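The values are calculated or read from the model by the stated rules, or taken from the named source; none is laboratory data. Because the structure is predicted, anything quoted here is derived from the model rather than measured. Cβ atoms come from the backbone with ideal geometry, glycine included; neighbour counts cover every protein chain shown. Areas reflect the complete protein model, heavy atoms only, side chains present, ligands, DNA and RNA absent. Shrake-Rupley method; radii C 1.70, N 1.55, O 1.52, S 1.80 Å.
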Amino acid sequence: QVQLVESGGGLVQAGGSLRLSCAASGSIFNINDMNWYRQAPGKLREWVAQISRGGSTTYADFAKGRFTISRDQAKNTVYLQMDSLKPDDTAVYYCKADSGRFGFDWGQGTQVTVSS
């Protein structure tokens with residue numbers, strides 16, 4: 001099992017930036033890839049970005065060019081740098097660790113609010 005703790009959320013004006021962090025502990029050696037998701041009020045949770053074990057990254061269309069996922073393996077931490085934020089980016093952002101046959105784990109989420 002992997003424990004995930006997100007941080008870095010907050011209130012920002014449109015056009016601003018935030019960097020989210022996701023610190024992992026526990027059975028981190030089983031992790032295949034790390035993902036960021038988000039869930040806005042009244043909407044389904046949606047995938048934002050992924051970084052694989054090998055370091056390759058992929059993004060949802062809405063995130064391309066504005067969001068950057070990265071990691072610091074020494075700190076067992078994954079980041080989501082979010083630039084040019086829009087009010088539509090307001091959501092709770094969740095970190096997810098996918099460990100293949102060992103299952104997956106979610107963090108508790110961190111609130112991001114973008115004011116217009």
Select, from Gly42, Gly16, Gly55, Gly9, the only residue that is of a type in the set (Gly, Ala, Ser) and farther than 20 Å from Ser116 by Cα.
Gly55
Return the total of residues in region 71-116 being surrounded by 15 or more Cβ atoms within 10 Å (Cβ to Cβ), under 17 Å from Ile28 (Cβ atoms) and charged (D, E, K, R).
4
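Please verify whether Asp61 is among the charged types (D, E, K, R), open to solvent by 60 Å² or more (accessible area, probe 1.4 Å) and more than 13 Å from Gly107 (Cβ to Cβ), treating the condition exactly as stated.
Here the answer is yes, as Asp61 does meet what is asked.
From the list Val12, Val5, which one is touching a Cys at 6+ places or on another chain (Cβ under 9 Å) and surrounded by fewer than 19 Cβ atoms within 10 Å (Cβ to Cβ)?
Val5
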Across region 30-54, which residue is surrounded by the fewest Cβ atoms within 10 Å (Cβ to Cβ) among those that are out of contact with any Ser or Thr (no Cβ under 9 Å at 6 or more places or on another chain) and more than 22 Å from Gln111 (Cα to Cα)?
Gly54
If Leu85 passes every condition in (1) at pLDDT below 95; (2) under 18 Å from Gly8 (Cβ atoms); (3) hydrophobic (A, V, I, L, M, F, W, C) but one, which one does it miss?
(1)
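Conditions tested, residue by residue: (1) touching a Phe, Trp or Tyr at 6+ places or on another chain (Cβ under 6 Å); (2) among the aliphatic types (A, V, I, L, M); (3) closer than 18 Å to Ser84 by Cα; (4) at pLDDT 95 or above.
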| position | (1), (2), (3), (4) |
| --- | --- |
| Leu4 | no, yes, no, yes |
| Gly10 | no, no, yes, yes |
| Gly15 | no, no, yes, yes |
| Met34 | no, yes, no, yes |
| Gln39 | no, no, no, yes |
| Ser56 | no, no, no, yes |
